[in-house]
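What follows is a single structure, written as structure tokens, with notes after it.
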Amino acid sequence: MATATAVASLTALVAACGRDSGSGGGTSGKIELSLVAYSTPQAAYEKIIQAFQATPEGKNITFTKSFGGSGDQSRAVEAGLQADIVAFSLEPDMMRLVKKGLVADDWNAGPAKGMVTDSVVVIATRRGNPKNLKTWDDLAKPGVEVITPNPFTSGGARWNVLAAYGAKSAKGTDKAGGIAYLNALFANVPVQDDSARKSLQTFSSGKGDAILAYENEAIFAQQSRQPIEYTVPDSTILIENPVAVTRKSAHPAQAKAFLTFLYTPQAQKIFAANGYRPVIEGGVPGVTFPSPPALFTIGDLGGWPKATAEFFDPKGSVMADVERRLGVSIEAK
């Protein structure tokens with residue numbers, strides 16, 4: 001079990017908010033880009049945008065920003081929400097836009113395969129871990145309340161589901177055991193918010209004994225001086241977060257410049273300071289993260305198309321069955 005202390009010295013975060021517009025504008029020559037992203041990296045993007053605007057490529061660029069549940073954000077862009085750059089929690093939310101012709105087919109052709117950050121699913125508890133919750137088995141014990149978002153609205157929730165399933169099914173080799181565990185786990189979930197950030201707010205308000213979260217969300221909470229600690233399970237999933245420029249961008253050159261900046265050491269260092277694992281070759285000097293001994297990827301579970309159909313199809317899937325038994329909505333909002 002790796003207790004995460006390696007990044008405790010990372011810099012403090014900008015306070016998050018739900019939705020806002022970039023400052024500036026109104027000056028001749030200014031160009032406004034729209035960033036539509038999932039909720040958890042908001043503080044990182046705030047700082048990265050500031051850093052980009054200090055470069056020659058970014059000095060005349062302002063931003064509008066929209067943050068929310070990954071699935072909700074992807075569907076909003078599909079429905080017509082203006083976006084120059086989209087950043088999601090998981091690949092299927094990007095592929096929705098690729099299939100609609102809103103993102104180019106070659107969006108993932110670069111060295112990082114279109115992924116801008118990595119993370120892992122962790123178990124976070126209140127300071128002191130009063131119920132000694134450190135393993136997947138601990139979370140399914142009677143009397144334990146676990147916070148995790150709704151997997152039919154939140155990309156973070158889908159990562160949590162697949163981390164739990166992969167760990168308890170030996171990467172899918174014991175399907176029945178993995179499904180039984182998901183039923184036991186979600187029976188202990190008292191509330192399912194529509195995004196990972198809202199789930200963290202619910203947990204911070206005093207609800208639940210543990211929360212399944214991105215490692216970066218747990219770091220965010222610690223840096224925000226919230227009284228939590230977290231454990232990286234021995235077996236957990238590697239979270240990979242995609243980003244792309246849209247094909248309907250009114251300013252494709254400037255949007256591409258921002259996308260390129262996201263992969264610079266400067267931007268990746270900001271991501272790392274906000275708890276994300278860098279994706280550039282060689283990482284970020286001076287930053288280390290715990291290495292789970294049984295880390296697995298979505299590829300080990302058959303890839304996103306298979307996992308989406310098997311676990312998250314509202315018409316019939318593992319999680320649709322789990323949620324229906326609990327009376328939880330499976331309709332995307």
> Can you tell me which residues in region 95-142 are open to solvent by less than 90 Å² (accessible area, probe 1.4 Å), outside any loop (DSSP other than H, G, I, E, B) and closer than 24 Å to LYS256 by Cβ?
Replying inline: MET95, ARG96, LEU97, VAL98, VAL103, MET115, VAL116, THR117, ASP118
>> Here are the criteria: (1) open to solvent by 70 Å² or more (accessible area, probe 1.4 Å); (2) farther than 17 Å from ALA163 by Cα; (3) touching a Pro at 6+ places or on another chain (Cβ under 9 Å). Tell me which single one VAL284 does not satisfy.
In response: (1)
> What are the pairs, 6+ residues apart or on separate chains, where a residue within region 51-67 that is among the charged types (D, E, K, R) has its Cβ under 7 Å from a residue that is in a loop (DSSP other than H, G, I, E, B) and surrounded by fewer than 19 Cβ atoms within 10 Å (Cβ to Cβ)?
Replying inline: LYS65/GLY22
> Scanning region 169-228 for residues that are free of Cβ contacts under 8 Å to residues at least 40 places away in the same chain and assigned to a loop (DSSP other than H, G, I, E, B), which turns out farthest from LEU139 (Cα to Cα)?
Replying inline: ARG225
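For region 1-94, give me every one of the strands (runs of 3 or more DSSP E) that falls completely inside it and has 3 or more residues that are at pLDDT below 95.
19-21
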> If you take just the helices (runs of 4 or more DSSP H) that sit entirely in region 248-333, which of them hold at least 1 residues that are free of Cβ contacts under 8 Å to residues at least 12 places away in the same chain?
Replying inline: 252-262, 304-311, 318-326
> Name the residues in region 254-281 that are out of contact with any Phe, Trp or Tyr (no Cβ under 8 Å at 6 or more places or on another chain), within 26 Å of ALA294 (Cβ to Cβ) and open to solvent by 30 Å² or more (accessible area, probe 1.4 Å), would you?
Replying inline: GLU281
> Can you tell which of SER169, SER204, SER154 is modelled with pLDDT under 95 and farther than 21 Å from PRO92 by Cα?
Replying inline: SER204
> Within region 231-253, how many residues turn out to be in contact with a Phe, Trp or Tyr (Cβ under 8 Å, 6 or more places away or on another chain), open to solvent by 10 Å² or more (accessible area, probe 1.4 Å) and of a type in the set (Gly, Ala, Ser)?
Replying inline: 1
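Given the criterion under 30 Å from GLU281 (Cβ atoms) and out of contact with any strand residue (DSSP E or B) (no Cβ under 9 Å at 6 or more places or on another chain), identify the matching residue among ALA176, ALA184, ALA109. Before the answer, list the steps.
On the way: ALA176 fails: under 30 Å from GLU281 (Cβ atoms); ALA184 fails: under 30 Å from GLU281 (Cβ atoms).
That would be ALA109, the only listed residue that is under 30 Å from GLU281 (Cβ atoms) and out of contact with any strand residue (DSSP E or B) (no Cβ under 9 Å at 6 or more places or on another chain).
The values are calculated or read from the model by the stated rules, or taken from the named source; none is laboratory data. What you are looking at is a predicted structure, and each value in this text was computed from that prediction instead of being measured. Using ideal geometry, Cβ is built from the backbone for each residue, glycine included, and neighbour counts are taken over all protein chains shown. What goes into the accessible areas is simple: the full protein's heavy atoms, side chains included, and nothing from ligands, DNA or RNA. Shrake-Rupley method; radii C 1.70, N 1.55, O 1.52, S 1.80 Å.
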